[in-house]
Every structure is written in C-alpha cells, then in structure tokens.
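A short write-up of the structure that comes next.
The values are calculated or read from the model by the stated rules, or taken from the named source; none is laboratory data. Remember, predicted model here, so these are calculated numbers, not experimental data. Using ideal geometry, Cβ is built from the backbone for each residue, glycine included, and neighbour counts are taken over all protein chains shown.
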Amino acid sequence: MVLKEIDSKKFRDMVRVATHRLGRNAEFINSLNVFPVPDGDTGTNMNLTIESGAKAVAQNNSDSVGDLTESLAKGMLMGARGNSGVISSQLFRGVYKATQGMKTLNAQELANAFSNGVATAYKGVMKPVEGTILTVARIGAQEGANKANETDDVAEVMKAIVEGAKRALKSTPDLLPVLKQVGVVDSGGQGLLFIYEGFLEGLLGEEFADRYQPDEGEMDEMINAMHHQSVQSQLSTKDIANGYCTEIMVDLTADVPAKKTFNLDEFREHLSKLGDSLLAVSDEEVAKVHIHTEQPGAVFAYGSQFGQLGKIKIDNMRIQHETIVNNNEENQESVDFAVIAVASGNGIRKLFESEGVNRIISGGQTMNPSTQDIIDSIKKSGAKKAIVMPNNGNIIMAAKQAAEVSDIPVGIVPTKTISQGLTAMLSFDPDDSLADNVANMTDALDTVVSGEVTKANRDTTINDIAIHQGDFLGIVDGDIKVAASDLIVAASSMIEKMLDEDSEIITVMYGRDSNKKEAQKLVDELKKKHDDLEFEVHDGGQPVYNFLISVE
C-alpha cells in the first residue's frame, strides 16, 4: 500500500515514537564516548532536547503539519542542550522553514524538508566536521531526495533517509580517526539515527506508538513546565483566578475503599472543572496532577478514589507572585550589566561570585544547561545587557542560541573550562561596552592553560597512550596527555606538560572525589622542582574531576 502523505496525526505519531525510541537508548548513546572519561552525556542531551520539542507538539492542537513542525522546532530550540542537541534543533528548524503553511507533506516535500534541515544545521556550525551528526543527517537527506525522484510514497522516502543515515553512521570512524581509535561510531549520529528510525516506526504505525507514556521523571518535568508557563502568563497578582498551585501523586496500584477504575481521559475531564493550568499524566502505576484551583480539597478527594495519595503539595501563588514581582523590581533597579557563568561545585561558584559574576547556572560537563535555562538566567538577572561564559565547549552553541533570541544584548565569551572563565573575569570592566568586554575577556583566554584530572571508565588507547579502566587521566585543553594509576603522579605529570618559560601561577581546585590533603601533596611535589612559581589551592567541590588546574 502506497502512503501518499503525512498528515498531522501521522506526524504526531512520528514525533512520539522517535522521542520514545531515543529515550530508551539514551544510556547507550552516552556510552559512545570518544574519550574514556565519565562525561558521556550526548544521549541525555539529545533526549532532553527532543522531549522539549515533543511536549510542544503535544500542546499544539493544530491539524496542520506545518504548525506542528514549528512547535517541534521551537520546543527543541528552547530545550537544546549540548552540541548534538543544538545541532538537532537547527536541523528541525530547517525542516520547519521548509514546511511552513503545509497542511500535509507528500514525498517530495518530505525530502525537501530534510534537505533544508541539513543546510540549516551546517550553517549553524562555524566549522562543520565530517564524521559527526552532520554527516549522518546529510547522507540521510541525500538518499531521501534520490528516492523522492523515484516514488511518491512518503514511507519509502523515510526508509531511504533511515538507510542513508545508517550507512553514514557506519562510516563515521573512517572520517574521524579518534572514533576508530576508540572503536565507536559518532554518538550524536547514533542519536539522530534513533530519531529517524522512530519517525519511520511512527509513520508505519508500529504497535507501541500508541502505548507510549511518559515516565515519572518526564511527568515531573512536564508539571514544572506547566506551572512556570502558567504563572509567567499572569500580569499581576489580582489576575490570578485560581490561587492554589496543587499537585498530587496517586498510586494506582494501591487498594482503597470503593476504588474506581482509572481512565485518564475521564480523570482529566473531571479535574478540568476544578481549575485551570491542568496537567494530568500517568503510566500503569502512578498518576500525577498539576492544577491551579480554589478547591485543593476537592482535588485530593477526587484523586483518592483511584488509589492512595502519595506526594501532595499546595502553594499559595498569590503570595509567591507578590514576592517574585517585588524581588524582580529590586533586581532590575540595581543591575545594569550581568555576567552569567555556568559552573558546578560550591567552591567554584564562590570563586566566580568573588570575581564579580552576577548569576551562576548550575551545570558543566555531565549536566549541560539548555538554551531555555540560559535565557531564563538572562531574564532573571534584570540586566540591560549581559555576558555569558559557558565554561564548557559543549555549552557554547546553546549559549549562542540563547543570545540570538534574548530580549537584551548578550555577548558570549567562548570559555571552554572553569579556569578560562575565572581568568576571563579578570579582564571584565563594568564601565566598558559589551563589545569591548567580550573582546578583552576573549583575548585573555590565551593567557591560561587548563588541565583536568579524572578517572577513565574503560580500557582504550588515545594518542598512543595506553589507558586502563580506573586510571587517572591528565587532560590539557581537551587532549589526553597523561594516564597513570596514581592520582598525584597523573596530576604532576600533566602540569609538567602545561608549563613553559612564561608560567607564573598554578591554581589547583580539588573536587568532590579529592580533598585538601591530596591537593597540598600535589603542590609540595611541584615545589620541589618549581620553587619560583606561585601556587593557589581552592576547594572547588566540582563533580567528575579530581583536580581542575590552571597555569598562567
């Protein structure tokens, strides 16, 4: 049977199944790590990115595919995390641009949309690298375009896109030597293939497409998103018609007196009469509810008919709103220029604050903030202009994307490490212009060499260095330089490779998996050879890395 077009129902199925398929395989994607360190988060980032898009699609009742691709693109843009997440969002932004105003998609239009997505994604990357998600997207789109010249069956075009992407993914180790060295395919490309395979399954009507339900973590994210969206839509406290933000969790497996059979549609229908901003989601074992109501007791009473109530929460939003408005007014009066940094670890946060950073976004190597997280931080600063320091190479693209859609002028200082961020702050002058500050802070990055010490999570060989699981790795500006079974040996050997005749100061920040005694032992070892250098030791409290080192 020839499938001539994709309508809104089919497109919703495609998005839903793709999101489910990627989510089920996120941990596998994380394991495809070109470096043997515990920082693989591509699967997590791509999963959160497409989940954000899928939720936007679910909230759009339009029967036009063009409207739904717009929601998918905007949702992914706001939820984009990490390089692969941002590139994915750009890919589907191009799909949206090619499908604007289209109620359905035929085979040629589907192929054109994917081709336009690839063109948009390549434009969004300053230095495109082959052997990555870009290659998988490009070859998949080429195969789709070729098939569209032969058939008007949209399913056949989607199959060709999947087969092309699969073939491209297998070629990534031949295009990127580091992938072949470690023996993996590109993680971002693998994530995109899962999305495309999900699209195909949804298009063909695979059985589990209609059985997908969000897990408990997704439920919490959806509830939080619904609450913040609805609260932010209020113009003033007096506009809040239903003042109690009420949440319940119902254990559907528990026996209760006169227990009723649970039906999600009927459940929602009844609750919708008790308030607004309703979100009710469930799986086979638990139902979660968020609603703004004047009758929280009625919500509790109704939910308890279907099982045992677990978590319950009531917040008076009128009081909350007045507090937020007052705080925002105070901040906006006092802040002209905000500097925003991404960091993880209490000690590192304090260091940034001591150097004049106004706001800290929690995140780092294994916890990349989304575009929306960065936008929210810019807005909450109440500033007229802002600078963002990502402090991680995997966050720079999301930061740039946030700057493009921000309501105020935002400059990005492309810091790839915490050490670079701290050094850049020394060149910040609140009396200078945004452009001058960005230029001066960026120039300062060349004056610091950054080192990181962490543990390997598997055996491999990188740059002719034999690495064993559990070894301590010394990574200098992104390249593994040292592997050793002893922490101090690895750290001191790495620092030796960071030094030159202009080196003056070595700063050691120890993390959660290390301590001050080990840091001091490292410094004592270095002083034996380098008594002319200055040393600083700080409790960074960072995860993943035993030591973060800077040499200036």
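Can you find a residue in region 363-370 that is under 30 Å from Asn515 (Cβ atoms) and either part of a helix (DSSP H, G or I) or modelled with pLDDT of 90 or more (or both)?
no
Being in a helix (DSSP H, G or I), modelled with pLDDT under 80 and exposed (fewer than 14 other Cβ atoms within 10 Å of the Cβ) is the filter here; which residues of region 217-264 pass it?
Gly217, Asn224, His228, Gln229, Gln232, Lys238, Asp239 - these are the residues of region 217-264 that are in a helix (DSSP H, G or I), modelled with pLDDT under 80 and exposed (fewer than 14 other Cβ atoms within 10 Å of the Cβ).
For region 445-472, name all the residues that are touching a Ser or Thr at 6+ places or on another chain (Cβ under 8 Å), surrounded by 19 or more Cβ atoms within 10 Å (Cβ to Cβ) and small (Gly, Ala, Ser).
Within region 445-472, Ser450, Gly451 meet the criteria.
Could you check region 1-82 for helices (runs of 4 or more DSSP H) lying wholly inside it with 3 or more residues that are β-branched (Val, Ile, Thr)?
Ranges flagged: 8-24, 42-58.
Suppose we filter Gly140, Gly144, Gly164 for residues that are more than 20 Å from Tyr96 (Cα to Cα), assigned to a helix (DSSP H, G or I) and out of contact with any Pro (no Cβ under 8 Å at 6 or more places or on another chain); which single one remains?
None of the others qualify; the one that does is Gly164.
Could you tell me which numbered condition Glu269 fails, if it satisfies all but one of (1) of a type outside the set (A, V, I, L, M); (2) touching a helix residue (DSSP H, G or I) at 6+ places or on another chain (Cβ under 9 Å); (3) assigned to a helix (DSSP H, G or I); (4) at pLDDT 85 or above?
Tallying (1) of a type outside the set (A, V, I, L, M); (2) touching a helix residue (DSSP H, G or I) at 6+ places or on another chain (Cβ under 9 Å); (3) assigned to a helix (DSSP H, G or I); (4) at pLDDT 85 or above, Glu269 fails exactly one: (2).
Quick check on region 399-408. Is at least one of its residues outside any helix (DSSP H, G or I), in contact with a helix residue (DSSP H, G or I) (Cβ under 6 Å, 6 or more places away or on another chain) and at positive phi?
No, because not a single residue in region 399-408 is outside any helix (DSSP H, G or I), in contact with a helix residue (DSSP H, G or I) (Cβ under 6 Å, 6 or more places away or on another chain) and at positive phi.
Got at least one residue in region 186-206 being hydroxyl-bearing (Ser, Thr, Tyr) and at pLDDT below 90?
no
With part of a helix (DSSP H, G or I) and in the same structural domain as Ala519 (by TED's automatic domain parsing) as the only criterion, which of Ala490, Ala466 stands out?
Ala490
What number of residues in region 172-186 are surrounded by fewer than 18 Cβ atoms within 10 Å (Cβ to Cβ) and part of a helix (DSSP H, G or I)?
Counting residues in region 172-186 that are surrounded by fewer than 18 Cβ atoms within 10 Å (Cβ to Cβ) and part of a helix (DSSP H, G or I) gives 6.
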